[in-house]
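A short write-up of the structure that comes next.
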Amino acid sequence: MRHVVSILVENEAGALSRISGLFSARGYNIESLTVAPTEDASMSRMTVVTSGSDEVIEQITKQLNKLVEVVKVVDLSEAEHIERELMLIKVRAGTKEREDMKRMADIFRGRVVDVSDNTYTIELTGHGAKLDAFIQALDQSAILETVRTGASGIGRGNRILKV
Amino acid sequence: MDRIKTEELSGAEIVVRCLQAEGVEYVFGYPGGAVLWIYDELFKQDKVRHVLVRHEQGAAHAADAYSRSSEKVGVCLVTSGPGLTNAVTGIATAYMDSIPMVIISGQVPTHAIGEDAFQECDAVGITRPCVKHNFLVKDIRDLAVTMKKAFHIATTGRPGPVLVDIPKDITAQRHEFLYPDSVTMRSYNPVTKGHAGQIKKAVALLQEAKRPMVYAGGGVILSNASAQLRELVKAMGFPCTNTLMGLGGYPGTDAQFLGMLGMHGTYEANMAMQHCDVLIAIGARFDDRVIGDPKHFAQNLRKIIHIDIDPSSISKRVKVDVPIVGNIPDVLKEILKQVDVQKADQPALKAWWKQIDEWRGKDCLKYDRKSKIIKPQYVLEKLYEITGGDAIITSDVGQHQMWAAQFYKFDQPRRWINSGGLGTMGFGLPAAMGAQLANPGATVACVTGESSIQMCLQELSTCKQYRIPVKIINLNNRYMGMVRQWQQFFHGNRYSESYMDALPDFVKLAEGYGHSGLLIDKPEDVEPALRETFKRKKDLVFLDFLTDQTENVYPMIPGGKGITEMILSEEL
């Protein structure tokens, strides 16, 4: 099953490779991994989307907790949470496609953030599934380039991950 | 602003002062360009003694065994690049067996890092998967506190090796020295106290058990819990087994001890593991060499209590009913306080012991005692007898290791020193050096084979330099015995590359290094040779026993099979 794991980690050189190294050394999946410093610059927050049986996920959280630089680990998918991913997608938008492309972006609540004579770059935020759906909805030959950040996650309501 | 005046020292002096502050007695190491300033400071003092090994792998193994045999932290010091990579096997060995060790490695100067400088390697990157933690010290202001953290992390929670990589320029810079008494880290706070509710559940299960089994591993030794383990087993009248790493954790000569379990464990220990109704696992981790196939193990229903300091060891291969994360001696004390021995089901226990005695009746370690060729088991029995069961035994890896584990009965912890997790050939001799230096008055013997001993043989020279009088028991069957055994059982007798041709004359070799050697090729000479050897308290003696080439280790659970699917000796 797919799980979204949030990790608070000391913002130190090498912390990322300890975590990604753990996943590869123990044969765990990484679907996506995002990381950036938090409001407290001494700490980074990482969101790892992974998959596995309950036993595997239990081991993943235990092994992550064992890393000396890891401060806290939470499996967000254990309860209500919000997940968002950002995608920048460059599409062909000549005079012929321009209208359609803009309308499509609007339907998905995307924004055109860069324009050239024959391209649009659209910014789209949402659950990974929504980004997938947008890609599916486009004429595949119109897609020139995509870049996705991978999911970031946060618990709903009073569920707070903080030191 | 008031400031306590502190001394300004070089980075190298700071390193040495930190070692002194930690009470480090020995550093095992090998100098080189990146650590010259540190060696210079070692030269100027006499509190920390340096042992010059002949290869950095030996330094790591010696520091490791120094720790295993003494409870203290092992320290080794190596230079950058090849110095560090040579030590990696030793670091990984210590990591797999959770040994507290601090490794200091030199690094090229900070400005040269990443430029493929001479003797540069990414020490932190290379060792990352085989250390508990590692540090690259990029700023001299962090040096002392990093050293403190290294010792703190190595020794607390589940112990393990910690590497501190120090660039050469840092060792030359100067900074005020203040060694902290303690460190706190928000990201590192190992749990030590067992959960009260879980302990209560464990107590209830233990009292209700009809077919109990105590399965204790290396965690008992590392946490110094032997006394509490013994007390619990004795109070309850339960049977007890030890893993390869746990030998000596429970007295090997006690009637309630069923011997080692696992791939080459006793018939009775393995049968009792499978057929018990309540299993208490203490500082052990149900690894593949212990329970074999976890699916087969799960076929019999039993309640499992698991005590371990490391939560990730619990429910990794086997699902447990009562997990207790905590420091073993404390958890056992709590269990002992609460358990009511009167509540134990005596008739059921009696019937269980009757069953166990039946299994014991198989005499699964039986071997041919009339053989005209030296049987390795016989050498170990005699070694046990002649050393009064009181020696520190180090071993290499292979058949000799298993026979030593089966036939030498360890009554005390920290007397059996072997590479159980990583299975590192070459461990035995440098380990014996470390154990002897940690225990100057003790009898130390290295049980090895002609293949393993050749992997760190150069340390005979170190033994000469520091007058380390270990005894080498070489069970020489001219084969990588365990490889040969697997090839016989599972590869149609095709002994691919497992024959050790062109062996040196070990007696001459020992003599070449300034020691004594003796070749023993007849069973009747085994005992006198051992007797003579152990009288020589001050000398290293290399005993080369020519043993039966075809002898196998029994019982044996083939790889991937279930714990009761043992191959037994033809002698039975």
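The values are calculated or read from the model by the stated rules, or taken from the named source; none is laboratory data. Not measured: the values here are computed from a predicted model. Note that each Cβ is placed from the backbone with ideal geometry, even for glycine, and that neighbours are counted across all protein chains shown.
Details
- Condition met for B:Q274 (of a type in the set (S, T, N, Q), touching a helix residue (DSSP H, G or I) at 6+ places or on another chain (Cβ under 9 Å), more than 13 Å from chain A (Cβ to nearest Cβ) and under 23 Å from B:A225 (Cα atoms)): no
- Unmet criterion (only one of (1) touching an Asp or Glu at 6+ places or on another chain (Cβ under 9 Å); (2) more than 30 Å from A:I57 (Cβ to Cβ)) for B:V339: (1)
- A:V70 vs. criteria more than 8 Å from chain B (Cβ to nearest Cβ), within 25 Å of B:D310 (Cβ to Cβ) and either exposed (fewer than 15 other Cβ atoms within 10 Å of the Cβ) or not acidic (D, E) (or both): no
- Count of the stretch B:353-389 residues which are under 28 Å from the mean Cα position of the chain (by Cα), part of a helix (DSSP H, G or I), closer than 27 Å to B:P239 by Cβ and of a type outside the set (F, W, Y): 6
Condition check ((1) crowded, with 18+ Cβ neighbours inside 10 Å; (2) closer than 22 Å to B:F506 by Cα) across all residues:
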{"residue": "B:I386", "(1), (2)": "yes, no"}
{"residue": "B:K409", "(1), (2)": "no, no"}
{"residue": "B:A431", "(1), (2)": "yes, yes"}
{"residue": "B:S452", "(1), (2)": "yes, yes"}
{"residue": "B:M480", "(1), (2)": "yes, yes"}
{"residue": "B:Y495", "(1), (2)": "no, no"}
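- Here B:R158 does not qualify as basic (K, R), within 13 Å of another protein chain (Cβ to nearest Cβ) and within 22 Å of A:S20 (Cβ to Cβ).
- Whenever a residue of the stretch B:170-194 is under 24 Å from B:I14 (Cβ atoms) and touching a residue at least 12 places away in the same chain (Cβ under 8 Å), its partners that are exposed (fewer than 14 other Cβ atoms within 10 Å of the Cβ) and acidic (D, E), lying with C-beta atoms within less than 8 angstrom and at least six residues away or across chains, give the pairs B:I170/B:D139; B:R174/B:E8; B:H175/B:E8; B:E176/B:E7; B:E176/B:E8; B:F177/B:E7; B:F177/B:E8.
- Some residue of the stretch A:91-109 being of a type in the set (F, W, Y), more than 20 Å from the chain's Cα centre (by Cα) and either under 27 Å from A:N158 (Cα atoms) or away from every other protein chain (no Cβ under 14 Å) (or both): no
- Qualifying residue in the stretch A:20-32 (condition: hydroxyl-bearing (S, T, Y), more than 12 Å from every other protein chain (Cβ to nearest Cβ) and assigned to a strand (DSSP E or B)): yes
Per-residue answers, yes or no, for (1) away from chain A (no Cβ under 14 Å); (2) not in a strand (DSSP E or B):
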{"position": "B:L279", "(1), (2)": "yes, no"}
{"position": "B:R285", "(1), (2)": "no, yes"}
{"position": "B:I304", "(1), (2)": "yes, no"}
{"position": "B:S315", "(1), (2)": "no, yes"}
{"position": "B:V331", "(1), (2)": "yes, yes"}
{"position": "B:Q342", "(1), (2)": "yes, yes"}
{"position": "B:A348", "(1), (2)": "yes, yes"}
{"position": "B:A351", "(1), (2)": "yes, yes"}
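- So B:F297, is it closer than 24 Å to B:L258 by Cα, surrounded by 17 or more Cβ atoms within 10 Å (Cβ to Cβ), modelled with pLDDT of 95 or more and under 23 Å from the mean Cα position of the chain (by Cα): no
- Odd one out for B:I280 among (1) touching a Lys or Arg at 6+ places or on another chain (Cβ under 7 Å); (2) on the phi < 0 side of the Ramachandran plot: (1)
- Filtering the stretch A:47-63 to residues that are within 13 Å of chain B (Cβ to nearest Cβ) and touching a strand residue (DSSP E or B) at 6+ places or on another chain (Cβ under 6 Å) leaves A:I57, A:T61.
- Selection count, the stretch B:46-100, where residues are at pLDDT 95 or above and in a loop (DSSP other than H, G, I, E, B): 17
- In the stretch B:529-571, residue surrounded by the most Cβ atoms within 10 Å (Cβ to Cβ) [restricted to those that are under 30 Å from B:P294 (Cβ atoms), under 24 Å from the mean Cα position of the chain (by Cα) and not small (G, A, S)]: B:I557
- Within the stretch B:165-187, the only residue that satisfies the criterion of being within 13 Å of chain A (Cβ to nearest Cβ) and more than 27 Å from A:V163 (Cα to Cα) is B:D165.
- Residue among B:V191, B:V137, B:V124, B:V203 that is farther than 25 Å from B:G421 by Cβ, within 14 Å of chain A (Cβ to nearest Cβ) and over 22 Å from the mean Cα position of the chain (by Cα): B:V137
- Given (1) crowded, with 18+ Cβ neighbours inside 10 Å; (2) of a type in the set (S, T, Y); (3) part of a loop (DSSP other than H, G, I, E, B), number of the condition B:T192 does not satisfy: (1)
- B:G426 vs. criteria in a helix (DSSP H, G or I), at pLDDT 95 or above and either of a type in the set (V, I, T) or closer than 12 Å to B:H61 by Cβ (or both): no
- If the condition is being within 13 Å of another protein chain (Cβ to nearest Cβ) and hydrophobic (A, V, I, L, M, F, W, C), then the stretch B:287-302 contributes only B:A298.
- First in the stretch B:269-282 and within 23 Å of B:I324 (Cβ to Cβ), second anywhere and part of a helix (DSSP H, G or I) and of a type in the set (G, A, S), Cβ under 6 Å, 6 or more apart: none
- Selection of the stretch B:264-280 for residues being more than 24 Å from B:N552 (Cα to Cα) and either of a type in the set (A, V, I, L, M, F, W, C) or buried (at least 24 other Cβ atoms within 10 Å of the Cβ) (or both) yields B:C276, B:V278, B:L279, B:I280.
- With respect to the conditions (1) surrounded by 11 or more Cβ atoms within 10 Å (Cβ to Cβ); (2) free of Cβ contacts under 8 Å to residues at least 12 places away in the same chain, A:L131 falls short on a single one, namely (2).
- Of the residues making up the stretch A:1-19, those that are facing chain B (nearest Cβ under 9 Å) and surrounded by fewer than 17 Cβ atoms within 10 Å (Cβ to Cβ) number 3.
- Residue match in the stretch B:305-323 (condition: closer than 18 Å to B:Q207 by Cα and of a type in the set (D, E)): yes
- Residues of the stretch B:302-318 satisfying the condition of being without any contact (Cβ under 8 Å) to a residue 24 or more places away in the chain and out of contact with any His (no Cβ under 8 Å at 6 or more places or on another chain): B:S312
- Close pairs (8 angstrom Cβ cut-off, 6 or more residues apart or separate chains): aliphatic (A, V, I, L, M) in the stretch B:426-451, at pLDDT below 95 anywhere: none
- Residue among B:V164, B:V203, B:V183 that alone is assigned to a strand (DSSP E or B) and either β-branched (V, I, T) or modelled with pLDDT of 95 or more (or both): B:V164
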